[in-house]
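Step one of this worksheet: look at the structure below.
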Amino acid sequence: MAEQTDKREDGMKDCVVLFCCVEKLDEKNPEYVIRNATNNILARLAQLKVSQVMIYPYAHLTSTLGSPACALAILKGLEGSLSAEAIEVKRAPFGWYKEFEIHGKGHPLADLSMTICPYEGTECDFTCPYCHHPFKAGDAEHVCGAAQECTTRQGFVGEK
């Protein structure tokens, strides 16, 4: 699903680039994912003293992609949420193969990674043995077709 756009080229300087992907579990609570991501991003922007963000959809960050429709809705929601906080936001088009040039500052906070959990608080039953993301047992079917085998087997690697 490629998003329609007339813009063929754009840029931003002295900004934070958010390479983002939306995973299947994010579909469980998109509003919370947007709110949690916004709060985490605002905290990092304050640390860096930056008020410009480029949202860059990057599906290659996960092997459990959410649906394109939900992903686009979350990315647009994040864009709107950050804009409402007086952050200058640009978003690369969703579903396109894009070319980019990036220059990173030589700073300890220049390269950061974060995972936004779709659950509020610490209400997860398991941790994935592969990616270490928390999830509830009831959501295992949503993510993995072999969930029944994984969650009932003795000595499950990711058990809490």
Checklist entry - Mind checking which residues of segment 8-55 are surrounded by 13 or more Cβ atoms within 10 Å (Cβ to Cβ), of a type outside the set (Val, Ile, Thr) and not in a helix (DSSP H, G or I)? => result Met12, Cys15, Leu18, Phe19, Cys20, Cys21, Glu23, Asn29, Ser51, Gln52, Met54
Item to check | Meets criteria (modelled with pLDDT under 90 and assigned by TED's automatic domain parsing to the domain that holds Glu101) for Leu72 | outcome: no
Item to check | Scan of segment 85-101 for residues that are within 27 Å of Leu65 (Cβ to Cβ) and surrounded by fewer than 10 Cβ atoms within 10 Å (Cβ to Cβ), ordered by number | outcome: Tyr97, Glu99, Glu101
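Select, from Gly66, Gly104, the only residue that is surrounded by 11 or more Cβ atoms within 10 Å (Cβ to Cβ) and among the small types (Gly, Ala, Ser).
So the residue among Gly66, Gly104 that is surrounded by 11 or more Cβ atoms within 10 Å (Cβ to Cβ) and among the small types (Gly, Ala, Ser) is Gly66.
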Item to check | Near pairs, Cβ below 7 angstrom, 6+ apart or cross-chain, from segment 86-100 (under 12 Å from Leu75 (Cα atoms)) to any residue that is aromatic (Phe, Trp, Tyr) | outcome: Ala92/Tyr56
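The values are calculated or read from the model by the stated rules, or taken from the named source; none is laboratory data. All of these numbers come straight from a predicted model, not from anything done at the bench. Positions of Cβ are backbone-derived with ideal geometry, glycine not excepted, and every protein chain shown enters the neighbour counts.
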